[in-house]
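Take a look at the structure below.
Coordinate-derived values only; no laboratory data. Keep in mind that what you see is a predicted model, and the values were worked out from it rather than measured. In this analysis, Cβ positions are derived from the backbone assuming ideal geometry, glycine residues included, and neighbour counts consider all displayed protein chains.
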Amino acid sequence: RRTIFSGIQPTGVPHIGNHLGALAQWQKLVKEAATQPTDQRDSLFFSVVGLHALTVPQVPAQLRQERRDMFAVLIALGLDDPAGGAVVFHQDQVPEHAELAWYLNTVTPVNRLMRMTTWKSKLATLRNANSEDEVDDSMLQLGLMAYPVLQAADILLYKTSHVPVGHDQSQHLELCRDLAQVFNRAYPGRRPDGKGKGKGVFRIPDVMLTTHPRIQSLRNPLAKMSKSAPHPASKIFLTDSPSEIRSKIKSAVTDSTAGVTWNPEDRPGVATLLQVHSGYSGESVEQIAQRFSGPSGIAELKEELAEVLSEGLKSFRAEFARLRTEEAYLRGKEEEGARRAREAAQATMRQVRAAVGTD
Ligand code: ATP
Ligand code: MG
């Protein structure tokens, strides 16, 4: 049976790139699980990873709100559907994540972390920000460097077999697999019958690379749509109203060629519109392009896309707005999620401690 884990940081309401690139896959996994016979059903764990958000400076009141909003987003997307059985929870409410991360720290070579492209690009950003070659050493926190170890702990804690993530995460997943193997070899434990060495506690997880295209910014077709990009019209949030959607789509940067064609190389702006349409309508990009090949095709495509998006996000938007007024209900969901996750996490930690000798 598959066990699937994935996490998302509580850094603001997700945009349609986050949705098509990650959250829509989670929804699909929940739907799939609902059709499986109960005894073969995937175990799904989806987590708001608040401890990861602490690797950059946070304002407490804002973090509190964003954690709650992201949790509400996951519930509004239907990920806790009783039939699909996903456990939706806050990582920071399950202390075993930090505990396992410590055990993994003890088998992690520091030079491995220094080779991570995420770490190296963070260094580069800090260097540019200081506009000198020297980085202010006090900016280089251990937590930021150890981020991939905590991520490995998140995954291994649930004996995860499959991790749906984007390409940007494959280096972290490789580290996670290696740490699991190193730990299993260092601490094989005992066989269940007590006779001889065991095989180690952890299952070695496989990456489930998400195949969805990267969605580009609506303002700059050469950059990716990103939460941290400053221009508000560069992205469409899942909570945007139909009129916000319409005006952002209308002002989306395309090109001066008349009519729509599918040509991501030369016409990246038009390609983004087609990809988003396809992502929400299910129609193929070529087919959509064909329908809008006439001289005023781009304007017409934008019209229809605004409709498709408004319609596609309608039920989410209503459910999210409703949930935000249901404080007590959400608190209850958070507690239930943390309790269910913790049950699994504690079972793994008991085995880890027994294997290591800290039991
Ligand atoms: P930030 O700018 O803060 O990095 P982000 O928009 O890149 O924000 P993340 O929280 O880093 O969002 O990513 C959440 C998930 O969304 C990840 O699985 C990531 O691969 C995916 N994702 C992010 N941006 C896009 C995009 N433009 N197109 C498709 N998937 C995306
Ligand atoms: Mg990102």
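Things worth noting here:
- Residues with amide H under 5 Å from that of residue 90, placed H, sequence gap 5 or more: 48, 338
- With the simple spin-label model, which puts each label point 7 Å out from Cα in the Cβ direction, the residue 118 to residue 314 separation comes to 3.8 nm.
- Size of charge dipole - the range 33-127 - debye, nearest 20, with Cβ of Lys, Arg +1 and Asp, Glu -1, no other charges: 720
- Backbone amide hydrogens, once placed in the peptide plane, bring residue 218 within less than 5 Å of 235, excluding anything fewer than 5 places away on its chain.
- Among 275, 312, 249 the positive-end extreme of the charge dipole of the range 230-359 (Cβ point charges): 312
- A Cβ-based charge dipole, computed about the Cα centre of the chain with Lys and Arg at +1 and Asp and Glu at -1, lands at about 1020 debye.
- Rh (Kirkwood; distinct C-alpha pairs) - the range 171-228, Å: 14.9
- Residues residue 343 and residue 304, FRET efficiency given R0 of 30 Å [Cβ-Cβ distance, rounded to 0.05]: 0.05
- The label point for residue 36 and the one for residue 261, both projected 7 Å from the Cα toward the Cβ, are 4.5 nm apart.
- Overall form of the range 61-192 per C-alpha gyration tensor (a/c, 1.5; a/b vs b/c): oblate
- The range 33-106: projected area of the alpha-carbon convex hull, averaged over directions, in nm²: 6.5
- For residue 42, residues with placed amide H under 5 Å, excluding near neighbours: none
- Full-extension gain in nm, residue 336 to residue 125, via 0.36 nm per residue minus C-alpha separation: 72.0 nm
- Using the Karplus relation 6.51 cos²θ - 1.76 cosθ + 1.60 with θ = phi - 60°, the per-residue 3J(HN,Hα) values for the range 307-313 come to 4, 4, 5, 4, 5, x, 9 Hz, with x marking Gly and Pro.
- As computed over the chain, the Cα convex hull volume per residue (Å³): 158
- Straight-line cross-link reach from residue 159 at under 15 Å between alpha-carbon atoms covers these aspartates and glutamates, not counting any fewer than eight positions away in the same chain: 42, 96, 178, 206, 343.
- 3J(HN,Hα) from dihedral phi, the range 159-164, Karplus parametrisation 6.51/-1.76/1.60, rounded to Hz, x for glycine, proline: 6, 5, 9, 9, 10, x
- Extension gain for the segment residue 65 to residue 185, taken as residue separation times 0.36 nm less the Cα-Cα distance, is 39.0 nm to one decimal.
- Remark: the range 343-359, residue by residue, has Karplus-estimated 3J(HN,Hα) of 4, 5, 5, 5, 4, 5, 5, 4, 5, 4, 4, 5, 5, 7, x, 9, 8 Hz, where x stands for each Gly or Pro and the curve is 6.51 cos²θ - 1.76 cosθ + 1.60 at θ = phi - 60°.
- Kirkwood hydrodynamic radius over Cα pairs of the range 232-322, then Stokes diffusion coefficient at 20 °C and 1.002 mPa s, in µm²/s: 160
- Take the Cα of residue 168, step 7 Å toward its Cβ, do the same at residue 139, and the gap between the two points is 1.9 nm.
- About its Cα centre, the range 232-322 has a charge dipole of approximately 340 debye under the convention of +1 per Lys or Arg Cβ and -1 per Asp or Glu Cβ, with nothing else charged.
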